[in-house]
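Structure, as structure tokens:
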Amino acid sequence: MSSLLDQDIKYLKGVGPVRAAMLGEELKVFTLGDFIHTFPYKYVDRTMVHTIVNLTEDMPHVQLAGTLLNLQKVGEGRSRRLTAMFTDGTGYIELVWFNGIRQVESHLKVNTPYLLFGKPSAFNGRLKMVHPEMDLLKDGRLPAAAPSLFDTATPDAMPSAPDSAAAGSRGHSLAETLLLKPHYHTTERMKRAFFTSQVISDLMRNAFALIGHRIDETLPDYIRQAHHLIPLPQALAQVHFPPTAEALPAARRRLKFDELFFLQLSILRTARQRQEARNDFIVSRVGPLFNRFYAECLPFPLTDAQKRVVREIRADLRTGRQMNRLVQGDVGSGKTIVAVMAALLLIDAGYQVCIMAPTEILAAQHYASVSRLLEPLGIGCALLMGSLRSRRRRDVLERTRRGEVSLLVGTHALIEPDVVFHNLGMAIIDEQHRFGVKQRAALWDKNVRPPHVLVMTATPIPRTLAMTVYGDLALSVIDELPPGRKPIVTLHRTERTAYDVNALVRRELAAGRQVYIVHPLIEENEKMALRDLETGYRQVLDTYPDYPAAKLHGRMKADEKEAAVAGFVAGTTRILVATTVVEVGVNVPNASVMVIQNAERFGLSQLHQLRGRVGRGADRSYCVLVTKEELSETTRRRLQVMVDTNDGFRIAEEDMRLRGPGDIRGTAQSGLPFTLQIADIVHDADLMQTCRLAARRLLEADPDENLPQNAPVWRELARLTARRTDFTDIS
Ligand code: ADP
Ligand code: MG
């Protein structure tokens, strides 16, 4: 029953308000439905029981069966810990707990048989196990020949709820000890509170005891049959309590299908609604501002690709339907001027336009270059960002509301509710990979009539992915760089071979050029990253004392950052020592050298973005990747790709091939309307295609969403959509 799935998780037996709060905050689990869609990330075969005499420290997690002896607290203060000995008759191993000592102590019983699970490690030549999982063996027997829980796969065979859900405090008799033990993700905070994978597993039993029989099928029979899918209740049960290893693939496939099918259905339905949405912001003719700009203000002739994209935008604006267009173009391909011309088309017709950028630095820079371009035309531009002081902010808001500002540039401060437009005709979103479907939706809500939306991105992503992430947008591509660009020369140097880098930098500085030196931002260790940057900055001051240098990082105050960027843009600062804040969009054509320190820590697409900061003027430019001496083979190959090519799409493909789809996956997932729990947009790309087709067929066959056989689908989609608005935050 869907109403049962929507029930607050705190009412589940064994949960209560404290664990419920933690589930919500740590895992975004709020309801029973969320909970049973929290899937194990791995399974461990527990049929295999090791003997202590055969253990070595390089073994992965292993299972031992034996007796717990001699539990005691040792040490004081921070080195305080709980230790125990464990024996299975073949030897002894020490067990150690550092966290939650009191709780562990109260759960464990000495001289009692346990099934233990953990990773052996060695300390001073002695084996031990830190924080092992302990399951009490009630009847003292090993799980050698445990019967399968699922002789039949109907929900009736669901395991019964245990008497209590506290971890490890009660025995798991053999019938409850799964041979394939599921492991659930928990966070540090959960682990500290002893909210372990085992607890989740126990709670999962309670959940299934309560609702296992009443999970609704979400797909009609004809879809299930066509795609060979097992029933949903069975899939859910088996993924949490796998009867055998063989049962898992079918269960996981069914659940992945569900996620991807509903994802595609939602995206395609949105796309259809958008195609139908009229806003009647029609620009039938090119107006005087656009014409004057084109004739008198263009700083350079447009490339053919830029002209084509401007034409595509114009065609959209003639229809009266809302434009939703993505402009994809590599770094430096000239997207900004296209945006400005699109804006002029609307401003000519009497509408306002906003440009939204992902960072304050980029917003400020856009504002500077756009207002300079538009100055001869006398168009009212303004800048709005979070760091604006309240009086200036009020002033900008007031002029925007009255329609005196024709072009408003800003960060996501533009989405905030107090930003009210007089008549917003178009929203332009730059470097969209920092935004997503949700943020776009917020912009669409800015008017009674939805504004046209133009999204610009430099993230080269493979086609199949693009269809998913940008599935609701029409696509334009700028596949040509402005003429006269010399390809950037990319060099790989190690700390030992970097001696010629100084000479290169000095030569370029002497020739009047500017230089970027970038240090990676290490999120886990921001302090260290900043220290690296400080050291690098001091070295720069020592090495090039004749050239003004500045530093730039995220921890600086907004006006300090602004000043640093302004100095570099103006050319008074010749060397900019920065973290990756310069990655997106900073445009200083006079810069000709990009030195990237610790380049091995960056992803390829990030390196490509950084490199794109140079090579913007007509001079030859250089990108130097400085790494440590010892590199893994993969890292060496990745850096070689950078040396070999300047083509962003090739780099993206190589990156996916060499390193797996990490970055792109993260970026893409964050833009989706639903969070995926089990499917993976990269690894499951084939299944995604299948689901996309199935979703499209269903939408075409049932446009009014009222065919009885599809009722379960529409019910589920409504449920998912309702949940989305409940819990998403726009940031
Ligand atoms: P991106 O696509 O990365 O946003 P920009 O719009 O910042 O690229 O443009 C990169 C640089 O190329 C800018 O200095 C811009 O003035 C210049 N540029 C853009 N289009 C042309 C063109 N058609 N001819 C010459 N230079 C151009
Ligand atoms: Mg740009």
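Listed values, structure above:
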item: Subset of the range 291-306 (residues that are away from ligand 2 (no atom under 16 Å from the Cβ), open to solvent by less than 80 Å² (accessible area, probe 1.4 Å) and closer than 16 Å to Ile478 by Cα); result: none
item: Filter result for Arg611 (open to solvent by 30 Å² or more (accessible area, probe 1.4 Å), among the basic types (Lys, Arg) and closer than 28 Å to Glu629 by Cβ); result: no
item: Selection within the range 319-355 - of a type in the set (D, E, K, R) and either open to solvent by less than 10 Å² (accessible area, probe 1.4 Å) or within 16 Å of ligand 1 (Cβ to nearest atom) (or both); result: Arg325, Asp330, Lys335
item: Hits in the range 586-600 (condition: open to solvent by 20 Å² or more (accessible area, probe 1.4 Å) and modelled with pLDDT under 90); result: Asn587, Pro589
item: Search result, residues across the range 521-576 that are part of a loop (DSSP other than H, G, I, E, B) and modelled with pLDDT under 90; result: Leu521, Ile522, Glu523, Glu524, Asn525, His553, Gly554, Arg555, Met556, Lys557
item: Options Leu625, Leu610; residue that is outside any loop (DSSP other than H, G, I, E, B), modelled with pLDDT of 80 or more and either more than 15 Å from ligand 1 (Cβ to nearest atom) or among the small types (Gly, Ala, Ser) (or both); result: Leu625
item: Top-ranked residue in the range 391-418 [being open to solvent by less than 20 Å² (accessible area, probe 1.4 Å) and in contact with a Gly (Cβ under 8 Å, 6 or more places away or on another chain); ranked as nearest to ligand 2 (Cβ to nearest atom)]; result: Thr411
item: Qualifying residue in the range 625-635 (condition: surrounded by 23 or more Cβ atoms within 10 Å (Cβ to Cβ) and in contact with a strand residue (DSSP E or B) (Cβ under 8 Å, 6 or more places away or on another chain)); result: yes
item: Test: His131 is at positive phi, at pLDDT below 90 and surrounded by 14 or more Cβ atoms within 10 Å (Cβ to Cβ); result: yes
item: Unique match (being within 29 Å of Glu560 (Cα to Cα) and surrounded by 23 or more Cβ atoms within 10 Å (Cβ to Cβ)) among Leu374, Leu384, Leu388; result: Leu384
item: When residues of the range 310-341 are limited to those that are within 14 Å of ligand 2 (Cβ to nearest atom) and assigned to a helix (DSSP H, G or I), the one farthest from Phe649 (Cα to Cα); result: Val340
item: Leu672 at pLDDT 85 or above, touching a helix residue (DSSP H, G or I) at 6+ places or on another chain (Cβ under 9 Å) and within 16 Å of Leu263 (Cα to Cα); result: no
item: Test: residue in the range 615-622 that is buried (at least 16 other Cβ atoms within 10 Å of the Cβ) and in contact with a helix residue (DSSP H, G or I) (Cβ under 8 Å, 6 or more places away or on another chain); result: yes
item: Leading residue by the ranking (nearest to the chain's Cα centre (by Cα)) among those in the range 91-120 that are open to solvent by 60 Å² or more (accessible area, probe 1.4 Å) and under 14 Å from His50 (Cα atoms); result: Lys119
item: Neighbours by Cβ (under 7 Å, 6+ apart or cross-chain): first from the range 488-506, in contact (Cβ under 8 Å) with a residue 60 or more places away in the chain; second open to solvent by 50 Å² or more (accessible area, probe 1.4 Å) and of a type in the set (S, T, N, Q); result: Ile488/Asn646
item: Residue satisfying condition, being outside any helix (DSSP H, G or I) and either touching a strand residue (DSSP E or B) at 6+ places or on another chain (Cβ under 6 Å) or surrounded by fewer than 21 Cβ atoms within 10 Å (Cβ to Cβ) (or both), within set Pro249, Pro182; result: Pro182
item: Test set (1) open to solvent by less than 10 Å² (accessible area, probe 1.4 Å); (2) away from ligand 1 (no atom under 16 Å from the Cβ); (3) modelled with pLDDT of 90 or more - Asn279 fails condition number; result: (3)
item: Criterion: touching a Lys or Arg at 6+ places or on another chain (Cβ under 7 Å), closer than 30 Å to Phe649 by Cβ and assigned to a loop (DSSP other than H, G, I, E, B) - qualifying residue of Pro301, Pro358; result: Pro358
item: Members of the range 361-380 found to be within 19 Å of Glu296 (Cα to Cα), touching a Lys or Arg at 6+ places or on another chain (Cβ under 9 Å) and assigned to a helix (DSSP H, G or I), listed by number; result: Pro376, Leu377
item: Where Lys557 falls short, out of the listed (1) surrounded by fewer than 13 Cβ atoms within 10 Å (Cβ to Cβ); (2) within 31 Å of the chain's Cα centre (by Cα); (3) closer than 30 Å to Glu630 by Cα; result: (3)
item: Asp500, sole failed condition from (1) open to solvent by 10 Å² or more (accessible area, probe 1.4 Å); (2) within 16 Å of ligand 2 (Cβ to nearest atom); (3) at pLDDT 85 or above; result: (2)
item: Residues within the range 342-355 that are outside any helix (DSSP H, G or I) and away from ligand 2 (no atom under 12 Å from the Cβ), tallied; result: 6
item: Test for Leu236: is it modelled with pLDDT of 95 or more, part of a helix (DSSP H, G or I), open to solvent by less than 10 Å² (accessible area, probe 1.4 Å) and more than 16 Å from ligand 1 (Cβ to nearest atom); result: yes
item: Phe281 closer than 23 Å to Met456 by Cβ, within 16 Å of ligand 2 (Cβ to nearest atom) and not in a helix (DSSP H, G or I); result: no
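The values are calculated or read from the model by the stated rules, or taken from the named source; none is laboratory data. In this text the structure is predicted, and so the values were computed from the model without any measurement. FYI the Cβ positions are ideal-geometry reconstructions off the backbone, even for glycines, and counts take in every protein chain you see. Note: accessible area is taken over every heavy atom of the protein model, side chains too, but ligands, DNA and RNA are not part of it. Shrake-Rupley method; radii C 1.70, N 1.55, O 1.52, S 1.80 Å.
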